[in-house]
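Participant: Below you will find the structure I want to go over with you.
The values are calculated or read from the model by the stated rules, or taken from the named source; none is laboratory data. Only a predicted model underlies this, so the values are computations on that prediction, with no experimental measurement involved. Counting neighbours? That spans all protein chains shown, and the Cβs are built from the backbone with ideal geometry, glycine included.
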Amino acid sequence: MLTNLKKMQVWFITGSQHLYGDETLQQVSENSKQIALALNGAEEIPVEVVHKPVLTSSESIHRLVVEANADESCIGLISWMHTFSPARMWIAGLNALQKPHLHFHTQFNRDIPWSEIDMDYMNLNQSAHGGREFGFINTRMRKNRKIIVGHWQDKEVLKEVGSWLRVAAAWHDGQGAKIARFGDNMRDVAVTEGNKVSAQITFGYEVNGYGLGDLVEHVNAIQANKIDALLDEYEASYELSEVVRKGGSKRDALQEAARIELGMRSFLEEGGFKGFTTNFENLTGLKQLPGLAVQRLMKDGYGFGAEGDWKTAALLRAVKVMNVGLEGGTSFMEDYVYNMDPNNGLVLGAHMLEVCETIAAAKPILDIQPLAIGDREDPARLIFSGASGPGIVASLIDLGNRFRMVVNEIETVEPLEDLPKLPVARVLWKPQPDLRTSATSWILAGGAHHSVYSQAVTSSFIEDYCEMADIEYLLINEKTEIGEFKKELRFNEVYYNSIYKY
Ligand code: MN
């Protein structure tokens with residue numbers, strides 16, 4: 001159910017002016033076509049790059065922006081100034097622009113042609129000052145945009161452009177996205193609450209609640225042959241524990257889990273939802289808490305938040321879109337237990353059941369075991385440890401007057417020992433710069449216990465997403481120092497109060 005990113009387009013636009021004459025403008029056009037074509041063919045670029053005619057007037061710029069706004073497959077603009085393009089002609093267009101914007105500060109030729117450079121060459125190749133004029137007007141108009149500097153054939157630069165495009169794709173996917181809540185938030189919990197109207201204005205997605213009865217109808221309507229087919233799929237995908245294999249004592253309960261998965265899938269597909277929340281306090285009509293079902297729906301790209309946490313569900317969906325085709329997975333996550341060894345501070349992350357198998361180190365075990373919460377029959381779940389390597393956890397909170405994103409860079413490690421009595425999916429990580437600084441900063445910032453965990457995207461993806469949403473972004477990484485972090489919190493309090501629009 002994840003979008004094929006190649007069906008999305010980014011429009012490549014080039015700024016210039018009439019001053020140079022037709023011959024130069026023809027060359028500008030050909031060069032910009034060549035860059036757009038190269039981007040389109042680069043493996044780092046996940047979407048289609050569409051070259052647009054060179055822009056030399058206020059009217060043509062405004063017209064193009066209006067078309068981009070209205071075009072359903074256009075996820076944003078990449079702009080490049082090959083020559084000087086007097087920037088007042090960009091005001092009307094930039095005022096109208098409603099889509100993400102990347103200012104690509106590149107130059108057609110990488111190196112200075114020392115022996116051949118002449119005045120004609122200087123006339124055509126003016127990116128260095130054209131890009132600054134363009135930058136000024138964006139800054140003067142307080143426009144959030146991404147700036148990437150470097151040569152368009154440089155692999156690192158292409159990778160950066162590709163990453164931004166993944167975020168723009170996720171942003172595009174989120175506009176009008178529907179998130180379903182089964183039941184309300186967990187009673188009395190604070191951080192999973194938030195203003196859904198503000199979220200819709202800020203991020204573009206819609207969050208609506210549904211009664212469990214609506215879901216149970218779908219679950220009860222599932223036919224036996226579909227359940228059998230899904231059980232076959234489970235057998236092909238996972239290591240089944242003895243009790244859930246054919247003839248095992250809990251095979252019936254696994255069938256019930258499959259029925260719940262099919263019912264949830266049917267509900268979500270019928271309503272065109274991209275994410276959902278559950279709450280173990282609201283399970284009327286379901287025999288088990290949906291553990292396996294949630295894990296498998298996350299694998300397929302649905303956003304998910306437990307205990308009614310719709311902010312995390314929508315963020316998870318966004319990161320799932322950024323993640324398409326990249327190595328490493330993305331999951332709903334929760335900080336659970338610490339290893340407080342002063343020399344090896346670690347966080348054990350889990351969520352009783354709902355962790356996505358895309359982050360697993362090895363083939364998961366499918367089992368049915370008791371669960372202390374939920375007051376239902378023992379639920380099916382996938383059990384595994386997370387793959388080691390670098391990653392992030394990201395948490396979105398509602399501060400009452402604005403949204404804040406908190407990101408921590410982490411290093412996932414292998415469990416120090418076996419966990420024979422913990423039959424759930426779990427991940428062990430070292431938070432940057434260390435457990436004490438990380439947890440102090442995270443808690444000062446008000447970061448939630450729920451987060452989106454990813455080994456596919458980096459903190460800069462989330463930063464770009466925050467720029468598109470125009471919300472606060474806080475990063476905790478190897479450079480974080482608590483005194484400076486506290487100052488940033490205080491500075492931001494002033495800044496965001498001065499641009500209030502929540
Ligand atoms: Mn939770």
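Participant: Farther than 17 Å from A257 by Cβ, acidic (D, E) and surrounded by fewer than 18 Cβ atoms within 10 Å (Cβ to Cβ): does that describe D214? Step through it out loud before you land on a result.
Facilitator: Details: farther than 17 Å from A257 by Cβ: yes; acidic (D, E): yes; surrounded by fewer than 18 Cβ atoms within 10 Å (Cβ to Cβ): yes.
Yes, satisfied.
Participant: Report the residue count in segment 449-464 for those that are assigned to a loop (DSSP other than H, G, I, E, B) and within 13 Å of the ligand (Cβ to nearest atom).
Facilitator: Narrowing segment 449-464 to residues assigned to a loop (DSSP other than H, G, I, E, B): 449, 455-458.
Among the residues that remain, those that are also within 13 Å of the ligand (Cβ to nearest atom) are: 449.
Final tally of qualifying residues: 1.
Participant: Enumerate the pairs (first residue in segment 440-453 and at positive phi; second residue anywhere and modelled with pLDDT of 95 or more and within 16 Å of the ligand (Cβ to nearest atom)) with beta-carbon separation below 6 Å, excluding pairs fewer than 6 apart on the same chain, so at least 6 apart or on different chains.
Facilitator: Once the first residue is at positive phi and sits in segment 440-453, its partners that are modelled with pLDDT of 95 or more and within 16 Å of the ligand (Cβ to nearest atom) give G446/I397.
Participant: From the list I61, I35, I78, I45, which residue is crowded, with 18+ Cβ neighbours inside 10 Å, touching a residue at least 12 places away in the same chain (Cβ under 8 Å) and assigned to a loop (DSSP other than H, G, I, E, B)?
Facilitator: Being crowded, with 18+ Cβ neighbours inside 10 Å, touching a residue at least 12 places away in the same chain (Cβ under 8 Å) and assigned to a loop (DSSP other than H, G, I, E, B) holds for just one of I61, I35, I78, I45, which is I45.
Participant: Continuing with the same structure: Residues of segment 125-154 being farther than 26 Å from Q27 by Cβ and basic (K, R), which ones?
Facilitator: Of the residues in segment 125-154, the ones farther than 26 Å from Q27 by Cβ are 139-146.
Scanning segment 125-154 gives R140, R142, K143, R145, K146.
Participant: Let me ask something else. Just give me the residues in segment 202-226 being free of Cβ contacts under 8 Å to residues at least 12 places away in the same chain and of a type in the set (A, V, I, L, M, F, W, C), in sequence order.
Facilitator: If the condition is that a residue be free of Cβ contacts under 8 Å to residues at least 12 places away in the same chain and of a type in the set (A, V, I, L, M, F, W, C), then A224 is the only one that fits.
Participant: Just to be sure before I move on: is H105 in contact with a strand residue (DSSP E or B) (Cβ under 9 Å, 6 or more places away or on another chain), touching a residue at least 12 places away in the same chain (Cβ under 8 Å) and either over 16 Å from V50 (Cα atoms) or acidic (D, E) (or both) in the structure I sent?
Facilitator: Working: in contact with a strand residue (DSSP E or B) (Cβ under 9 Å, 6 or more places away or on another chain): yes; touching a residue at least 12 places away in the same chain (Cβ under 8 Å): yes; either over 16 Å from V50 (Cα atoms) or acidic (D, E) (or both): yes.
Judged against the criteria, H105 is a match.
Participant: Of all residues in segment 403-448 being more than 16 Å from the ligand (Cβ to nearest atom) and β-branched (V, I, T), which is nearest to M322 (Cα to Cα)?
Facilitator: V407
Participant: Right, next: For V219, indicate whether it is part of a helix (DSSP H, G or I) and touching a helix residue (DSSP H, G or I) at 6+ places or on another chain (Cβ under 9 Å).
Facilitator: Considered against the rule, which asks whether it is part of a helix (DSSP H, G or I) and touching a helix residue (DSSP H, G or I) at 6+ places or on another chain (Cβ under 9 Å), V219 comes out as yes.
Participant: For residues that are within 14 Å of the ligand (Cβ to nearest atom) and farther than 20 Å from A169 by Cβ, tally how many sit in segment 293-305.
Facilitator: Within segment 293-305, residues that are within 14 Å of the ligand (Cβ to nearest atom) and farther than 20 Å from A169 by Cβ number 2.
Participant: Of the residues in segment 248-272, how many are more than 16 Å from N220 (Cβ to Cβ) and of a type in the set (S, T, N, Q)?
Facilitator: 1
Participant: Sort through F280, F273 and tell me the only one that's touching a Gly at 6+ places or on another chain (Cβ under 7 Å), in contact (Cβ under 8 Å) with a residue 60 or more places away in the chain, outside any helix (DSSP H, G or I) and hydrophobic (A, V, I, L, M, F, W, C). Break it down stepwise before answering.
Facilitator: Details: F273 fails: touching a Gly at 6+ places or on another chain (Cβ under 7 Å).
Just a single option satisfies the conditions, and that option is F280.
Participant: Between a first residue in segment 345-367 that is touching a residue at least 60 places away in the same chain (Cβ under 8 Å) and within 16 Å of the ligand (Cβ to nearest atom) and a second residue that is of a type in the set (S, T, Y) and not in a loop (DSSP other than H, G, I, E, B), which pairs have beta carbons less than 7 Å apart while being 6 or more apart in sequence or on different chains?
Facilitator: V347/Y338; L348/Y336; G349/Y336; G349/Y453; A350/Y336; V355/S331; C356/T330; C356/S331
Participant: Pull out all pairs, ordered by first then second residue, where Cβ-Cβ is under 6 Å, the residues are six or more apart or on different chains, the first lies in segment 284-309 and is without any contact (Cβ under 8 Å) to a residue 12 or more places away in the chain and farther than 15 Å from M333 by Cα, and the second is among the β-branched types (V, I, T) and surrounded by fewer than 24 Cβ atoms within 10 Å (Cβ to Cβ).
Facilitator: none
Participant: For segment 190-203, check the following and say yes or no: at least one residue is within 16 Å of the ligand (Cβ to nearest atom) and either part of a strand (DSSP E or B) or of a type in the set (A, V, I, L, M) (or both).
Facilitator: Within segment 190-203, the subset within 16 Å of the ligand (Cβ to nearest atom) is 190-194.
This time we only want the ones that are either part of a strand (DSSP E or B) or of a type in the set (A, V, I, L, M) (or both), so: 190-191.
Yes, because at least one residue in segment 190-203 is within 16 Å of the ligand (Cβ to nearest atom) and either part of a strand (DSSP E or B) or of a type in the set (A, V, I, L, M) (or both).
Participant: Same structure again: Restricting attention to segment 306-344, which residues are within 12 Å of the ligand (Cβ to nearest atom), part of a helix (DSSP H, G or I) and closer than 16 Å to N408 by Cβ?
Facilitator: Of everything in segment 306-344, just one residue is within 12 Å of the ligand (Cβ to nearest atom), part of a helix (DSSP H, G or I) and closer than 16 Å to N408 by Cβ, namely T312.
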